[in-house]
Amino acid sequence: MQGQERMCQEVADFFKSVQSVKKGTSIAGLYGIPGQGKTTLAKAFCNFKMGDFEGKVCHLEFSRGDSFERTKLALQYLTRCPQLILQTLTDRDQAQVELYRRLKGQRVLLVLDNVTEESIDEVTDYLKEELGENSCILLSARSVDVLEMHFKIGKRSCMRVPRLEEDEAIEILLEKAPIDVSTMGAEEKAFAVKCADRFLFEEVGRRGQTFHPLALKAFGGHLFSKYGPHLSKWAGEIEGWINRSSYGLDDLLAVLGKAFDSTRPEYRTIFMLLTLYMPTRMSPHKVTEWLAMVLNKEISFIEKAVSLNICF
Ligand SMILES: Nc1ncnc2c1ncn2[C@@H]1O[C@H](COP(=O)(O)OP(=O)(O)O)[C@@H](O)[C@H]1O
Ligand SMILES: [Mg+2]
């Protein structure tokens with residue numbers, strides 16, 4: 001993972017400043033659009049804090065698996081519940097009772113990754129656990145609105161996924177290629193920068209631009225398989241994309257598939273329009289108007305979709 005130490009330290013520092021402390025447990029949110037590195041960072045943070053929490057750390061992913069399996073994982077990692085007992089549990093309710101009993105007073109780090117509207121009840125159960133003093137719970141979601149609206153985590157207790165630096169972005173782009181970034185010549189470096197910069201995007205409500213790691217990784221792999229380690233050719237291809245008025249489906253679907261899958265069905269058309277056909281250099285206000293016109297929808301519906309950060 002690029003920027004691992006720096007980003008984990010940022011999350012740790014954020015926890016120190018967090019206002020949302022319930023019965024001695026600090027609760028913080030981490031948000032960013034799909035593919036921006038929430039899961040990667042959340043898992044790295046668990047490792048980073050492993051010693052501090054004496055191994056009692058657990059990462060639970062809410063986009064897959066079932067609630068019973070998750071409760072058993074929490075029992076296993078947070079309470080060191082023996083396998084023999086885990087095997088006797090027959091359903092989630094039973095596991096939940098066991099978890100509540102064993103978790104009481106334990107100082108733990110729990111990551112609830114990828115929480116959505118669909119997981120409110122289950123996540124809320126975890127937030128109600130009576131944990132030991134100075135425990136930490138980190139929730140990740142695709143937007144701050146999801147964290148605030150559904151899980152009551154105030155905006156000030158939520159942080160965005162930290163930004164990648166340019167050198168880190170280049171490392172991710174060239175991950176598949178046998179190129180040593182540290183010894184790269186000036187000309188090659190310039191091509192690499194040009195390519196990486198193509199994967200900068202603007203986030204709603206944040207100044208400046210941010211690299212998108214999943215896009216860097218996916219396109220890096222694609223460009224390497226097409227052109228080998230010849231960065232001038234990579235840059236040439238990328239130049240072609242910029243000059244094209246809309247992107248080809250083939251180029252984008254690999255990257256977009258994941259984001260698309262996790263976009264709410266009612267907003268999928270908007271997602272596709274924004275990512276594949278959005279006219280370049282349009283102001284956000286004009287984009288909203290344009291989408292409302294194309295889709296024959298109310299502007300408020302479009303604004304809601306865009307505010308949920310479904311686009312990049
Ligand atoms: N800091 C990073 N360094 C290297 N690769 C990263 C980094 N962040 C994300 N990635 C890569 O980008 C992809 C998407 O990251 P992921 O953590 O799954 O995003 P999210 O959980 O926000 O959807 C993964 O393949 C991951 O390996
Ligand atoms: Mg994720």
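The values are calculated or read from the model by the stated rules, or taken from the named source; none is laboratory data. None of the values given here were measured: they were computed from a predicted structure. Glycine also receives a Cβ, built like all others from the backbone with ideal geometry; neighbour counts cover every protein chain displayed.
Laid out as a table, the results:
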read-out: Subset of the stretch 13-43 [in a helix (DSSP H, G or I) and more than 9 Å from ligand 1 (Cβ to nearest atom)]; value: ASP13, PHE14, PHE15, LYS16, SER17
read-out: Qualifying residue in the stretch 68-86 (condition: closer than 16 Å to VAL115 by Cα, assigned by TED's automatic domain parsing to the domain that holds LEU110 and within 16 Å of ligand 1 (Cβ to nearest atom)); value: no
read-out: Breaking point among (1) touching a Gly at 6+ places or on another chain (Cβ under 9 Å); (2) under 23 Å from GLU54 (Cα atoms), for ILE153; value: (2)
read-out: The one condition in (1) within 16 Å of ligand 1 (Cβ to nearest atom); (2) outside any loop (DSSP other than H, G, I, E, B) that SER63 fails to fulfil; value: (2)
read-out: Residues located in the stretch 72-97, provided they are farther than 17 Å from GLY55 by Cα and β-branched (Val, Ile, Thr); value: ILE85, THR88, THR90, VAL97
read-out: Subset of the stretch 48-99 (residues that are hydrophobic (A, V, I, L, M, F, W, C), surrounded by fewer than 19 Cβ atoms within 10 Å (Cβ to Cβ) and touching a strand residue (DSSP E or B) at 6+ places or on another chain (Cβ under 7 Å)); value: MET50, LEU73
read-out: Matching residues, the stretch 199-223, being surrounded by fewer than 20 Cβ atoms within 10 Å (Cβ to Cβ) and more than 18 Å from the chain's Cα centre (by Cα); value: ARG207, GLY208, GLY221, HIS222
read-out: Pair list, Cβ under 6 Å, 6 or more apart: the stretch 53-78 residue modelled with pLDDT under 95, other residue of a type in the set (Val, Ile, Thr); value: PHE62/VAL115
read-out: Count of the stretch 9-44 residues which are surrounded by fewer than 17 Cβ atoms within 10 Å (Cβ to Cβ), modelled with pLDDT of 95 or more and either at positive phi or of a type in the set (Gly, Ala, Ser) (or both); value: 1
read-out: Unique match (being among the hydrophobic types (A, V, I, L, M, F, W, C) and under 19 Å from the mean Cα position of the chain (by Cα)) among PHE62, PHE68; value: PHE62
read-out: Hey, THR263 at pLDDT below 75 and surrounded by 15 or more Cβ atoms within 10 Å (Cβ to Cβ) or not; value: yes
read-out: Qualifying residue in the stretch 180-188 (condition: in the same structural domain as ALA235 (by TED's automatic domain parsing), crowded, with 19+ Cβ neighbours inside 10 Å and either touching a Cys at 6+ places or on another chain (Cβ under 6 Å) or not hydroxyl-bearing (Ser, Thr, Tyr) (or both)); value: no
